[in-house]
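A.B. asks: Structure in structure tokens, see below.
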Amino acid sequence: MKLFFFLIFPLLVFSLEIKQTPIVFGEKRVDLTKEYIRLHYGIEAKNITIEPKIIVLHHTASDDFNVSFACLVDEELKNSDRPEIQAGGSLNVSTHFLVDRDGTIHQLMPLDMMARHVIGLNHNAIGIENVGSNDDLTPQQVASNIAIVKYLQTKFPSIEYLIGHYEYQCFEKNPLWLEKNSDYRTQKHDPSPRFMSEVRQGVSGLKGAPCE
Ligand SMILES: [Zn+2]
């Protein structure tokens, strides 16, 4: 009995409060995701399941939760939204989590399905968006990102890397990189290196981006 308690106790201590705040995730998003996988990765996918290897942190560049959520909720990218990525297909962008400024964690979609949030690596990556901009993300968001990363490490032992979106191009020569179109790149500055360093201080066992 005692042994049972000591085995179970750490699991109880590490319970993470996650609000389910789903984006629209119907047949259309699944079909558009398969189209994206075919177009960008040259894979005829029967499903959109992923085996996560990388966690990618982002910020939304808006201080408002509802504005941030509104960018991710629809299945299809709106024509006017993002001209720089419109050419990359009509699947809307999304991430698996969205963390509000007070640290509240929202899960937006199933964790084992592909989201569009990082060129070249979507098929290997879980994405975490944070409401806010460079250098104004809150200590509560740092704590919640650390908690999500730890939660994902236990859930998916396949995860090897933790990176900021601004580091994604470091993977271009890595076997995990899948993008076929060498002209399809966007410059990313999210989140800040300071935020990444604070989150990294709270976690262990993960590699950073393979930059030279
Ligand atoms: Zn980003």
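The values are calculated or read from the model by the stated rules, or taken from the named source; none is laboratory data. None of the values given here were measured: they were computed from a predicted structure. Don't worry about glycine lacking a Cβ; one is built from the backbone with ideal geometry, like all the others, and counts go over all protein chains shown. Areas reflect the complete protein model, heavy atoms only, side chains present, ligands, DNA and RNA absent. Shrake-Rupley method; radii C 1.70, N 1.55, O 1.52, S 1.80 Å.
A.B. asks: At most 13 other Cβ atoms within 10 Å and a DSSP loop assignment: could you name the GluC sites (Glu not before Pro) in region 32-141 that fit?
C.D. replies: For GluC sites (Glu not before Pro) across region 32-141 that sit outside H, G, I, E and B with at most 13 neighbouring Cβ atoms in 10 Å, the list reads E44.
A.B. asks: How far is it, in nm, from the label point at D135 to the one at E84 when both lie 7 Å from their Cα along the line to the Cβ?
C.D. replies: Result: 2.0 nm between the two label points.
A.B. asks: A 30 angstrom limit on the alpha carbon distance is what I want to check against. Which of K19/K207; K34/K173; K78/K155; K28/K173; K19/K173; K78/K188 exceed it? Write out the running numbers ahead of the final one.
C.D. replies: Details: K19/K207 28 Å; K34/K173 24 Å; K78/K155 33 Å; K28/K173 32 Å; K19/K173 37 Å; K78/K188 20 Å.
Listed pairs above 30 Å: K78/K155; K28/K173; K19/K173.
A.B. asks: I'd like the accessible area for D135, computed on protein heavy atoms only with a 1.4 Å probe and all protein chains in place. Round to 10 Å², please.
C.D. replies: Roll a 1.4 Å probe over it and D135 shows about 100 Å².
A.B. asks: Let me ask something else. For region 19-36, just list the computed ³J(HN,Hα) in residue order, Karplus coefficients 6.51, -1.76 and 1.60, θ = phi - 60°, integers in Hz, with x standing in for Gly and Pro.
C.D. replies: 8, 8, 10, x, 6, 5, 9, x, 4, 5, 5, 4, 5, 5, 5, 4, 4, 4
A.B. asks: Given Cα pairs under 8 Å that are at least 6 residues apart, what percent is the relative contact order of the chain?
C.D. replies: Details: 372 pairs, mean separation 53.9, N = 212.
Relative contact order comes out at 25 percent.
A.B. asks: Quick one: putting +1 on the C-beta of Lys and Arg, -1 on the C-beta of Asp and Glu, what dipole do you get for the chain around its Cα centre, in Debye to the nearest 20?
C.D. replies: 660 debye
A.B. asks: What is the extension gain from S15 to T154, computed as 0.36 nm multiplied by their sequence separation minus the C-alpha to C-alpha distance, in nm to one decimal? Mind dumping the intermediate values first?
C.D. replies: On the way: separation 139, 0.36 × 139 = 50.04 nm, distance 1.17 nm.
Taking S15 through T154 to full extension adds about 48.9 nm, to one decimal.
A.B. asks: Taking springs between alpha-carbon atoms closer than 10 angstrom, which of S62, S182, S94 fluctuates most in the Gaussian network model of the chain?
C.D. replies: Top of the fluctuation ranking is S182.
A.B. asks: While we're on this one: Nearest 5 percent is fine: what portion of the DSSP beta bridges confined to the chain is antiparallel?
C.D. replies: 30 percent
A.B. asks: Can you pull out the trypsin sites (Lys or Arg not before Pro) in region 74-178 that DSSP calls coil and that have at most 13 other Cβ atoms within 10 Å?
C.D. replies: Filter output for region 74-178: K78, K173.
A.B. asks: Additional query: Given a 10 angstrom Cα cut-off, can you work out which residue in Q169, Q141, Q187 is the most mobile in a GNM of the chain?
C.D. replies: Among Q169, Q141, Q187, the largest GNM mean-square fluctuation belongs to Q187.
A.B. asks: Quick one: order F97, F156, F25 from most to least accessible surface, probe 1.4 Å.
C.D. replies: F25, F156, F97
A.B. asks: Can I ask one more? Toward the positive end of the charge dipole of region 22-201, about the Cα centre and with charges on Cβ (Lys, Arg +1; Asp, Glu -1), which of I119, V67, N130 goes farthest?
C.D. replies: With unit charges placed on the Cβ atoms, the residue in question is I119.
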